Amino acid sequence: TQLLEQSPQFLSIQEGENLTVYCNSSSVFSSLQWYRQEPGEGPVLLVTVVTGGEVKKLKRLTFQFGDARKDSSLHITAAQPGDTGLYLCAGGRDNAGNMLTFGGGTRLMVKP
Amino acid sequence: EPEVTQTPSHQVTQMGQEVILRCVPISNHLYFYWYRQILGQKVEFLVSFYNNEISEKSEIFDDQFSVERPDGSNFTLKIRSTKLEDSAMYFCASDPQGLNTEAFFGQGTRLTVV
């Protein structure tokens with residue numbers, strides 16, 4: 001069974017601060033996705049990374065895939081209250097059309 | 001922007017009853033999925049569907065569950081005889097090509113079994 005562990009589980013910061021959340025596994029994934037989920041809604045895809053060492057930026061969000069494709073990080077610069085939410089990582093395997101394994105999520109609260 | 005739509009948004013059913021959850025995936029996507037999320041827990045994979053057949057299923061997806069694509073647009077999940085522990089958010093997702101398992105999720109159906 002492939003597991004993804006996210007840390008921290010909860011994070012409460014002030015507006016303007018920087019933060020990093022982590023997604024770790026002992027297993028190799030062929031791709032890794034980051035999602036954001038609002039209460040009572042489905043996960044919304046933010047980014048997909050597929051190459052070891054890959055870095056992708058989405059405005060103030062920077063996503064990195066570990067060299068060994070076992071871990072990933074999400075860094076938010078100058079957090080804003082609108083960034084508040086549940087951030088989920090999910091890993092995919094080599095075979096197309098197969099399952100995503102989700103982490104437990106990091107619940108972020110950004111206070112004004 | 002194209003999106004996955006699910007109906008109903010909330011379904012309450014009595015234990016032992018059959019329920020059908022409906023999804024309209026994004027047009028031209030080839031892979032379809034059902035996931036569930038029990039309150040406070042991780043999102044869990046149930047089943048993937050490609051070319052009109054199941055391509056993978058989890059241990060959760062037992063004989064009580066079935067999926068179908070009855071026409072060119074709808075994708076359904078049927079639970080034959082619901083149990084209390086089936087209460088969860090059920091998410092449908094679709095994937096354009098199945099490469100890198102890039103899934104786009106619907107807003108979910110909250111199933112409450114009483």
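Restricting to the protein assembly as shown, what percent of DSSP beta bridges are antiparallel, rounded to 5? Could you put the intermediate results ahead of the total?
Details: 71 of 80 bridges.
The answer is about 90 percent antiparallel.
For the pair A:Asp67 and A:Ser30, the difference between a 0.36 nm per residue extended length and the Cα-Cα distance amounts to 12.1 nm.
Over the whole of B:36-43, what's the average partner chain Cβ count within 10 Å per residue? Rounded to a whole number, please. Kindly include the intermediate steps, with their values, before the conclusion.
Working: counts 0, 4, 0, 0, 1, 3, 10, 12.
Counting other chains' Cβ atoms within 10 Å and averaging over B:36-43 gives 4.
Charge tally around B:Val24: other residues with Cβ under 14 Å, Lys/Arg +1 each, Asp/Glu -1 each, net -1. Could you please state, rounded to a whole Å, how far the C-alpha centre of segment A:7-22 is from the C-alpha centre of segment B:47-114? Going from one Cα centre to the other spans 33 Å. Charged side chains reduced to their Cβ positions (Lys and Arg at +1, Asp and Glu at -1) give segment B:34-105 a dipole of some 180 debye around its Cα centre. Select from A:Ser31, A:Ser12, A:Ser73 the residue whose mean-square fluctuation is largest in a Gaussian network model of chain A (Cα-Cα springs shorter than 10 Å). Its mean-square fluctuation being the largest, the pick is A:Ser12.
Between B:Ser58 and A:Glu15, the simple spin-label model (points 7 angstrom out along Cα→Cβ) gives 3.8 nm.
Measuring r between the beta carbons of A:His75 and B:Glu68 and using R0 = 35 Å, the FRET efficiency lands at 0.25.
For chain A, just say rounded, prolate or oblate: build the C-alpha gyration tensor, square-root its eigenvalues into a ≥ b ≥ c, call rounded for a/c under 1.5, and beyond that prolate if a/b exceeds b/c, oblate if not. Before the final figure, lay out each step's value.
Details: a/c = 1.97, a/b = 1.62, b/c = 1.22.
It is prolate, given that a/c is not under 1.5 and a/b is the larger ratio.
Counting only other residues whose beta carbon sits under 13 Å from that of A:Leu4, what net charge do I get with K and R as +1, D and E as -1? Working shown, then result.
Working: positive: A:Arg69, A:Lys70, A:Arg93, B:Lys42; negative: A:Glu5, A:Asp71, B:Glu44.
Neighbourhood net charge equals +1.
The residues packed around B:Arg80, meaning those with a beta-carbon under 14 Å from its beta-carbon, carry a net charge of -3 if Lys and Arg are +1 and Asp and Glu are -1.
Every number in this text was worked out from the coordinates using simple rules, so none of it is lab data. What you see is a predicted model, and the numbers here were worked out from it, not measured in a lab. We place every Cβ from the backbone using ideal geometry, glycine too, and count neighbours over all the protein chains shown.
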